[in-house]
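This report concerns only the one structure given below.
The values are calculated or read from the model by the stated rules, or taken from the named source; none is laboratory data. This is a predicted model, so every value here is computed, not measured. Here Cβ is always computed from backbone atoms with ideal geometry, including for glycine, and neighbour counts include all displayed protein chains.
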Amino acid sequence: MSDIVQLFVSGISTGAIYALAAMGFTLLWQTTGTINFAQGEFVMLPAFIMLAAMNLLDVGLLSAFVISLVVSMVLLGAAFKRALVDPMAHHGVLPLIIATIALGIFMKEAVKTFYSAEAQPFAAFAPEGAMRIGPVSVSIENIAVLAVAVVAILALQLFLQRTFAGRCMQAVAQNRESARILGVPVERMVLYTFLINAALATLAALLVTPTYLAKFDNGESLGLIAFIAAIVGGFNQMRGALAGGLLIGLIDNFTAVYISTQYRHAIPLILLIVVILFRPQGLFGRAEERRL
Amino acid sequence: MQVSHSLKVWALSAGAGALGLMAASAVVPAQNAKTVLMINAIELSGGGATVGTNWRDAVDMAVKDINGAGGILGRKIIVKHFDTQSKPGISKAVITKALDEKPYVVLGPIYSSSTKVNMVVTRRAGVPHIVGSEAASITQTGNPFIFRTSFGQSASMPKLANYLKDEVKAKSVAVVWVNNAFGKGGRDNAVKELKARGIAIAADISTEVQQADFSAEVVKAKQSGADVLFAYLHEEESARLLIELKKQGYDKQIVGETTLTSQKVLDLAKDAANGVKGHVGLTADANIPAIREFARRFEAAYGRKPDHNGIKGYVAVHVVKEITERMGKFDQKGFADALHCTTITTEQEPGVLMDISYDKNGDVDRASFLVEVRDGKQVVTGVLPKLGNAVGC
Amino acid sequence: MNAQGFKRLALAAILAVAILAPLGLKNYGVYLLSLWALYAIAAQGLNLTLGYAGQISLAQAAFFGIGAYISALATTAGMSFWLALPLAGLACFIIGALIGFPALRVQHHYLAFVTLGFNVLVFLVLRNEEWLTGGTYGVANIPRPALFGLSLGGPLAFYYLCLALLVLMTAMFWHIVRSPWGRAFAALRDNPERAASLGISIVTYTLLAFAIGSAAAGIAGAAFAPLVEYIDPTPFTLSLSLAFLLMVVVGGQGTLTGPFIGAALVTLLPEWLRWTEGYYLMVYALAVMVLMVVCPSGLTGLFDMARRRWERSP
């Protein structure tokens with residue numbers, strides 16, 4: 001019983017981190033048709049910005065997080081959009097895919113060369129140890145990660161649904177042209193999605209790096225999982241990316257314990273293939289399709 | 001259609017240019033009769049960058065020491081480092097390229113899968129090849145040119161199993177291993193040796209290279225009810241596992257083989273590593289003056305403590321020196337013959353740091369250590385003597 | 001000279017360079033050229049899927065791996081390489097058709113997602129099913145073939161084998177692209193709706209393109225195994241599939257020479273950029289990004305653009 005609870009908590013807390021990355025991924029897809037193959041590196045880099053801030057400026061984790069948030073929003077949000085996505089707006093999906101693959105390689109190599117090829121320890125933002133609730137023992141850090149991620153996701157949902165800017169962004173995501181006709185400042189809304197993606201990635205970096213350690217190649221597996229989560233959940237739905245992330249986190253953990261460790265990565269992929277064959281709009285996506 | 005004409009011309013000239021430039025880049029510097037060339041093909045990037053960098057720096061240090069004392073038989077060593085990027089495919093390309101320079105010996109790599117590709121090439125070229133890999137299968141192919149500098153798994157795992165049976169008094173063990181040539185070889189040997197001593201395998205947990213999330217592994221290990229968790233992973237994954245074990249409040253004994261208690265893991269896992277016990281073939285913390293001195297000088301030169309891979313690299317170069325001087329000439333075939341079934345003592349060559357014996361397969365026998373991590377430091381708690389059963393000698 | 005004659009001349013000249021180049025090279029150079037030839041074959045296969053049928057496949061490395069394992073296991077068990085080679089191609093053709101059919105039934109770029117999943121699954125099977133593939137221990141001592149009693153074991157002889165395969169496969173693709181099939185592919189790529197209205201079955205032709213493209217990777221892989229002589233699952237991961245995709249797009253998708261250039265970049269560029277030392281991959285990645293921004297049709301497209309500029313200037 002205790003195991004199942006612990007497994008559920010750790011599954012859902014890693015799932016929440018996947019969801020953060022997957023939601024950003026979906027946002028970029030919805031607004032600009034960007035399939036960001038560098039999404040994993042978008043989570044890896046902010047961790048190193050935090051490390052650099054802590055080491056060079058000698059600030060605490062919280063200040064480092066704020067610095068990283070700003071730098072990431074500038075670099076991975078605005079600059080990424082301006083320098084790479086905007087000029088390729090009319091080139092179709094494939095060239096941009098290639099460019100983001102190259103961007104991912106570039107970011108990995110830059111961190112490796114200019115920071116370190118070795119993994120770096122990273123301070124946890126939550127206290128260590130396990131918490132006992134009756135017979136059940138769960139990690140405090142897992143709970144804290146889950147709590148922060150849930151707050152962030154709720155805040156994002158509230159922003160998208162309750163604020164004017166949020167609703168404009170949704171309008172742009174659904175149909176760019178009609179949004180423009182309705183007078184929505186499309187360009188600014190698109191910029192917001194890039195900034196939000198960078199912010200989500202920075203938050204994911206804060207949550208994930210204490211256990212994953214900071215390493216230049218951390219993005220490889222994380223990016224792939226975010227990608228899979230986004231497709232499984234429904235490529236055209238934020239809610240789908242959220243559900244997809246949580247689901248993959250849970251499935252991965254339960255698979256490793258109850259089915260097979262050697263094939264643990266296979267189960268989400270088999271799910272991916274089954275979803276594509278039988279429910280191509282994703283488990284939680286709407287059937288209205290978007291041409292690629 | 002004019003368009004496609006010149007397109008092809010461009011393509012053509014680019015292709016020709018590419019080939020031409022490549023041809024020009026393959027020119028080889030002539031080897032001087034006053035020097036001897038060693039090739040060090042090692043992990044300088046990718047997953048093995050940490051271990052490979054330690055090895056490379058120690059090789060450089062050994063070469064400097066030897067050259068400072070006059071070289072080998074009066075010839076100065078020139079060492080060239082090549083990066084395998086921790087990938088077997090790159091490693092194959094690198095070693096092919098390196099052998100075009102006609103080295104006397106080849107050192108490295110450490111990753112077993114890269115070694116297995118490279119040793120085919122060095123064998124065909126007849127170049128002695130000293131590696132830092134531990135996979136048991138490497139020395140079991142009858143390759144007369146391959147040698148280790150540390151225990152293979154078929155030597156380390158029996159020692160570890162004895163330790164678990166006699167000292168830890170384990171009844172059941174959960175084995176967590178990385179699923180590649182290194183980890184699978186270790187797991188297979190460990191399971192065989194543990195079963196032979198009546199110790200049950202309560203959980204057999206495979207993990208991935210570069211795996212980041214170990215929460216399910218820890219739950220599975222807890223669930224198995226094993227008295228002891230044996231972890232056989234690379235450095236970073238080891239640290240992540242230890243952090244996760246602490247996070248979930250794992251309270252059973254954690255045991256490792258060499259890697260788990262290495263300096264890199266301790267640096268990364270910090271206090272999550274406290275209380276971990278293990279068997280190590282080589283350690284910079286061994287209470288042996290020569291090793292202490294090596295570690296001190298290494299730290300002075302490179303600003304960090306060496307791990308066992310550093311010691312391996314340092315020893316490898318000195319093994320080459322001693323065997324060559326015994327022969328009194330540079331003879332690759334003779335070198336390979338002379339290094340089988342032989343012992344090099346520290347009186348003969350202080351640079352080997354500890355007495356080292358080779359069997360007929362190129363496997364190593366040497367004393368080894370039991371260690372425990374206390375306050376983030378590795379503490380040697382015991383010394384295990386040589387196995388003393390060199391194969392076929 | 002007409003366009004077609006010119007193309008032929010260009011290809012003949014590339015061939016002449018490819019035949020003569022290794023004569024001045026050491027083993028390493030010859031090894032790189034052999035690798036180039038095999039990558040070019042797999043890239044050409046992907047080019048058919050991508051450049052002509054407009055579908056992204058992210059499983060080219062998986063098919064390359066399947067081909068390599070079939071050849072490695074068959075030849076170490078005593079089968080002739082000359083049997084194993086077509087067997088590897090055939091097997092990849094069938095597997096490609098099997099996974100392509102359901103994915104292409106659903107339109108859009110879902111083939112990309114399915115093949116991505118397939119590539120990771122293939123890696124896991126290669127690594128975990130030790131009874132069949134040797135697992136992480138891999139397959140060692142893969143023999144190099146002989147032809148009519150003549151050993152192709154030496155680096156140079158083996159290179160010419162790879163080159164011969166490349167020539168054969170290029171001829172085959174040349175033929176496909178120029179056949180009624182190929183014209184159907186082109187029609188598909190340029191205007192799928194119109195092609196459909198002309199009675200061209202989109203699904204059948206894209207499926208065929210994908211299966212043939214996969215078979216090419218299988219054949220390249222089958223020769224890769226004896227080239228490296230030892231294989232384990234590590235080369236055949238998703239990152240190699242992404243590298244193949246880069247080769248085709250950077251070289252120039254939908255052109256016959258594009259894959260040659262793309263493959264040459266990946267195998268030879270590290271040699272060119274040796275002076276940059278550790279910065280090589282960064283320079284490469286940066287160059288790819290700039291290229292995609294400036295000219296998404298790849299290097300062949302860039303040459304083309306440069307020529308037009310040049311012609312227009314007085």
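Quick look at the numbers
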read-out: Residues of region B:57-108 satisfying the condition of being part of a helix (DSSP H, G or I), within 14 Å of chain C (Cβ to nearest Cβ) and charged (D, E, K, R); value: B:Lys92, B:Lys97
read-out: Exclusive hit being over 21 Å from the mean Cα position of the chain (by Cα), surrounded by 18 or more Cβ atoms within 10 Å (Cβ to Cβ) and not small (Gly, Ala, Ser), set C:Leu124, C:Leu111, C:Leu150, C:Leu132; value: C:Leu124
read-out: Flag if B:Met119 is among the hydrophobic types (A, V, I, L, M, F, W, C) and out of contact with any Gly (no Cβ under 8 Å at 6 or more places or on another chain); value: yes
read-out: Selection within region B:119-149 - of a type in the set (Gly, Ala, Ser) and touching a Leu at 6+ places or on another chain (Cβ under 6 Å); value: B:Ala125
read-out: Residue within region C:58-66 that is within 16 Å of C:Leu238 (Cα to Cα) and in contact with a strand residue (DSSP E or B) (Cβ under 9 Å, 6 or more places away or on another chain) present; value: yes
read-out: Some residue of region C:26-33 being within 12 Å of chain B (Cβ to nearest Cβ), without any contact (Cβ under 8 Å) to a residue 24 or more places away in the chain and surrounded by fewer than 24 Cβ atoms within 10 Å (Cβ to Cβ); value: yes
read-out: All positions within region B:147-193 that are farther than 25 Å from B:Gln210 by Cα, among the β-branched types (Val, Ile, Thr) and either touching a Pro at 6+ places or on another chain (Cβ under 6 Å) or surrounded by fewer than 24 Cβ atoms within 10 Å (Cβ to Cβ) (or both); value: B:Val168
read-out: Residue match in region B:368-390 (condition: assigned to a helix (DSSP H, G or I) and outside the structural domain of B:Gly256 (by TED's automatic domain parsing)); value: no
read-out: Any hit, region B:345-366, residues being under 28 Å from B:Asn143 (Cβ atoms), basic (Lys, Arg) and in contact (Cβ under 8 Å) with a residue 60 or more places away in the chain; value: yes
read-out: Single match in B:Ala273, B:Ala316 (criterion: within 14 Å of chain A (Cβ to nearest Cβ), buried (at least 24 other Cβ atoms within 10 Å of the Cβ), farther than 19 Å from B:Glu208 by Cβ and touching a residue at least 60 places away in the same chain (Cβ under 8 Å)); value: B:Ala273
read-out: Filter result (in a helix (DSSP H, G or I) and either away from chain B (no Cβ under 14 Å) or of a type in the set (Phe, Trp, Tyr) (or both)) within region C:221-239; value: C:Ala222, C:Ala223, C:Phe224, C:Phe236
read-out: Test: B:Phe214 is in contact (Cβ under 8 Å) with a residue 40 or more places away in the chain and crowded, with 24+ Cβ neighbours inside 10 Å; value: no
read-out: Residue tally, condition within 11 Å of chain A (Cβ to nearest Cβ) and not in a helix (DSSP H, G or I), over region B:226-244; value: 1
read-out: Yes/no for C:Arg144 being under 28 Å from C:Ser34 (Cα atoms) and basic (Lys, Arg); value: yes
read-out: Among the candidates C:Leu281, C:Leu242, residue that is surrounded by fewer than 24 Cβ atoms within 10 Å (Cβ to Cβ), part of a helix (DSSP H, G or I), within 14 Å of chain A (Cβ to nearest Cβ) and in contact (Cβ under 8 Å) with a residue 60 or more places away in the chain; value: C:Leu242
read-out: Test result for A:Gly92, touching a residue at least 40 places away in the same chain (Cβ under 8 Å) and either surrounded by fewer than 23 Cβ atoms within 10 Å (Cβ to Cβ) or more than 12 Å from C:Val293 (Cα to Cα) (or both); value: no
read-out: Test for A:Gly11: is it surrounded by fewer than 24 Cβ atoms within 10 Å (Cβ to Cβ) and within 13 Å of another protein chain (Cβ to nearest Cβ); value: no
read-out: Residue identified as within 14 Å of chain A (Cβ to nearest Cβ) and closer than 19 Å to C:Ile219 by Cβ among C:Ala88, C:Ala62; value: C:Ala62
read-out: Residue satisfying all of: in region A:26-42; of a type outside the set (Ser, Thr, Tyr) and within 13 Å of chain C (Cβ to nearest Cβ); surrounded by the fewest Cβ atoms within 10 Å (Cβ to Cβ) among these; value: A:Gly33
read-out: Some residue of region A:236-246 being buried (at least 21 other Cβ atoms within 10 Å of the Cβ), within 14 Å of chain B (Cβ to nearest Cβ), out of contact with any Gly (no Cβ under 7 Å at 6 or more places or on another chain) and closer than 30 Å to B:Glu235 by Cα; value: no
read-out: Test result for A:Leu94, within 19 Å of C:Leu245 (Cα to Cα), in a helix (DSSP H, G or I) and either facing chain C (nearest Cβ under 10 Å) or modelled with pLDDT of 95 or more (or both); value: yes
read-out: Elements of type helices (runs of 4 or more DSSP H) contained in region C:96-198, each with 3 or more residues being more than 14 Å from chain A (Cβ to nearest Cβ) and closer than 30 Å to C:Ile14 by Cα; value: C:155-178, C:180-190
read-out: Segments classed as strands (runs of 3 or more DSSP E), wholly inside region B:245-362, with at least 2 members that are farther than 22 Å from B:Ser133 by Cα; value: B:253-257
read-out: Test: residue in region B:212-222 that is away from chain A (no Cβ under 14 Å) and in a loop (DSSP other than H, G, I, E, B); value: no
read-out: Where a residue in region A:57-74 is closer than 13 Å to A:Leu206 by Cα and its partner, wherever it lies, is surrounded by 15 or more Cβ atoms within 10 Å (Cβ to Cβ) and of a type in the set (Ser, Thr, Tyr), with Cβ under 7 Å and at least six apart; value: A:Ser68/A:Thr202; A:Leu69/A:Thr202; A:Ser72/A:Thr202
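Listed here are the residues, each with its yes/no results for (1) over 17 Å from A:Leu272 (Cβ atoms); (2) touching a Ser or Thr at 6+ places or on another chain (Cβ under 8 Å).
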position: C:Ser57; (1), (2): no, yes
position: C:Thr76; (1), (2): yes, no
position: C:Trp82; (1), (2): yes, no
position: C:Leu90; (1), (2): yes, no
position: C:Phe93; (1), (2): yes, yes
position: C:Leu111; (1), (2): no, yes
position: C:Phe118; (1), (2): no, no
